[in-house]
1. What accessible area, summed over both chains, is buried at the A-B interface (1.4 Å probe, Å², nearest 100)?
2. For a paramagnetic label modelled at 7 Å from the Cα of residue B:179 toward its Cβ, which residues of the stretch B:119-158 fall within the zone defined by backbone nitrogen distances under 16 Å?
3. What are the semi-axes of the equivalent ellipsoid of the protein assembly as shown, taken as the square roots of 5 times the eigenvalues of the Cα gyration tensor, listed largest first and rounded to whole Å?
4. Over 27 Å between Cα atoms: which of A:37/B:147; A:26/B:142; B:93/B:159; A:135/B:37; A:135/B:26 fall into that group?
5. Of all accessible surface on chain A at a 1.4 Å probe, what whole percent is carbon and sulfur?
6. I'd like to check one number: the per residue accessible area of the stretch A:159-202, probe 1.4 Å, reported in Å² as a whole number.
7. Can you compute the charge dipole magnitude of the protein assembly as shown about its Cα centre, using +1 on each Lys and Arg Cβ and -1 on each Asp and Glu Cβ, nothing else charged? Give it in debye, rounded to the nearest 20.
8. Quick check: Cα centre of the stretch A:117-187 to Cα centre of the stretch B:140-185, how many Å?
There are 2 protein chains.
Amino acid sequence: MEAAISAGDVKALRERTGAGMMDCKKALQEVEGDIDKAVELLRVRGQAQAAKRGGRVAAEGVIESYVHATGKIGVLVEVNCETDFVARNDDFKEFARDVALHIAAAAPEFVSEDEVPDERRARELRIFEQQAEDKPENVRPKIAEGKLRKWLEEVVLLKQEHVNRDKHGGQTIEDLRAAAAARTGENVVIRRFARFQVGEDQ
Amino acid sequence: MEAAISAGDVKALRERTGAGMMDCKKALQEVEGDIDKAVELLRVRGQAQAAKRGGRVAAEGVIESYVHATGKIGVLVEVNCETDFVARNDDFKEFARDVALHIAAAAPEFVSEDEVPDERRARELRIFEQQAEDKPENVRPKIAEGKLRKWLEEVVLLKQEHVNRDKHGGQTIEDLRAAAAARTGENVVIRRFARFQVGEDQ
């Protein structure tokens, strides 16, 4: 008996492998709908390309880079929008440049609070609780929470104030992102960044 | 009784925390030489900075970036050498630029073969073995090994031929790296890279 294969699974498999629709459907039937197994099967048969890092293109936007004049610090950032029209817009591109420059100077670790791993958050909180041990017991959790909030403002890009206060008057990166979204009329997302400093530990 | 603390551990702790030598030594004694625990202890006491990504600077070199004219593909690469004198050398900088441009076009996944995770290598080999199942049994391992070698040449930066054959005549990135090392008289290392393409899966 043939397994029922959804059109959505066929589409997902096509996007991952570049294989033809019928090949994808047949492969899915043979492995009873398991997409990972179907990818392997298609590759064994030579019907799929080896998975390349970054295959499917899902959004519009720009890649912006900034390398400090010394050549010792560099940043790469991806900022997404919804249409190529906005991606070519000077205002949008300037936002991306402002973000890249800020990252070089402020060295955030995460784009958003969601990206902070649970263990990391727990470790920081534990340290802040221990730092508050000389305070009355009833206020300790509040003090530790306050310190955690402050730490997040230091390491999370969207919560940081832009380093150029003359230009941006103390607005956070999230403020600037929201303003860019309002001006362009599209959802604007800072998707990811890389920041390299010569010789730093990885 | 006090634990014996080595000068090397004190140095390592100082580099990770920025704390004073005596503070580091005392902390190590209190936690019987466990460096991770000592880091926490120093932080609790406010004697250490929160660990920032990228602290210690261990090498010279440059960060080079390249963004394709479309703004849809960007690369950041760190190339190390031994002295700042060579890091400022035009020849060295040109090598870094050539590597960045190549990565944008060729989309490698790893700098060197060492970086390929064992599971990934095993998975590729399994697929190549299955692809060779119609061949005589005694030649199958050899065929699969050959395919694995070819795959490594596709995904490992140092094994790739530079995409600009007019300029580099089919030399691999490793050939170009070795030539740059010979010309500068220093060890030249491509340490890491990031390559972003707008909208790709991560």
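1. Numbers: alone 13320 and 13350 Å², together 21920 Å².
The summed interface area works out to 4800 Å².
2. Residues passing the 16 Å test: B:158.
3. Working: eigenvalues 328, 166, 145 Å².
In descending order the semi-axes read 40, 29, 27 Å.
4. Result: A:26/B:142 exceed 27 Å.
5. Numbers: 5200 of 10960 Å².
Ligands and nucleic acids excluded, carbon and sulfur give 47 percent.
6. Details: 2170 Å² over 44 residues.
Per-residue accessible area for the stretch A:159-202 comes out at 49 Å².
7. Details: 66 positive and 78 negative charges, 68 e Å.
The dipole of the protein assembly as shown has a size of about 320 debye.
8. If you average the Cα positions of each part, the centres end up 45 Å apart.
The values are calculated or read from the model by the stated rules, or taken from the named source; none is laboratory data. Given the structure is predicted, the values throughout are model-derived calculations rather than measurements. Quick reminder, even Gly has a Cβ in these numbers, built from the backbone with ideal geometry, and neighbours come from all protein chains shown. Surface areas here come from the heavy atoms of the whole protein model, side chains and all, with no ligands, DNA or RNA. Shrake-Rupley method; radii C 1.70, N 1.55, O 1.52, S 1.80 Å.
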